[in-house]
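Here's the structure, in structure tokens; my notes come after.
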Amino acid sequence: PQQKEEVLKQLFQVSSRIGSKSILAVSTGAHHSACATSQGALYVVGTNVRGCVDPDSPEEEICSRPRLLESIGQIKVVQVACGYDHTAALSSNGSVLTWGSNEMGQLGHRRGGPSCDSKESLASFQGPTHCRPTGMLLGKGRRASAIACGNRFTLVLTTRMCLLACGTPSIAGYRDASSWGSA
């Protein structure tokens, strides 16, 4: 009983790593949580399943206190979304970074680079786990205004009210890869 109480105290203890910073956005997934501060910093916490917390950390490592995600560099984050085993961050300039598992193509990254031709298939978007934070391909001139993640899918709402989806085909739909990134 006393040991359980100590564990609960540790779980709910406010971390000094965030301190008095104002939280702008927060999200939780199955294994992890993340928050963006009003200064644009991104903090992550939880179990690093397939790199969803920090792809530079070992698989299944438990990050029990919020950690500044340094791998995104100087990018200012205004919104964050946590999926089952991946994470997405919306930057102040409307770009979207995703990392973690790309098993179902939920990161919106093409394997082998950003080139697109009509011979590509859904398989060209599916890939490895422990993917580093990389920008999603939103299409020429598109900027994101909101993001959401779920069980192996990511949704992006653009500033022109276009909804982009990637990942689980039952959610993202089935489109010929040559038309991805077009209206």
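A cut-off of 5 Å between modelled amide H atoms, ignoring neighbours fewer than 5 places along the same chain, links residue 83 with 88.
Per-residue 3J(HN,Hα) values for region 97-108, derived from phi via the Karplus relation 6.51 cos²θ - 1.76 cosθ + 1.60 with θ = phi - 60°, read 9, 10, 7, x, 8, 10, 3, 10, x, 5, 7, x Hz in sequence order (x marks Gly and Pro).
Each residue of region 135-141 was assigned a 3J(HN,Hα) from its phi angle through the Karplus curve 6.51 cos²θ - 1.76 cosθ + 1.60 (θ = phi - 60°); the sequence is x, 6, 8, 9, x, 4, x Hz, with glycine and proline shown as x. In order along region 36-49, the phi-based Karplus estimate (6.51 cos²θ - 1.76 cosθ + 1.60, θ = phi - 60°) of 3J(HN,Hα) comes to 10, 9, 5, 8, x, 7, 10, 10, 10, 7, x, 8, 7, 6 Hz; Gly and Pro are listed as x.
Where a number appears in this text, it was derived from the coordinates with a stated rule and is not lab data. No experiment lies behind these values; they were computed from the predicted model shown.
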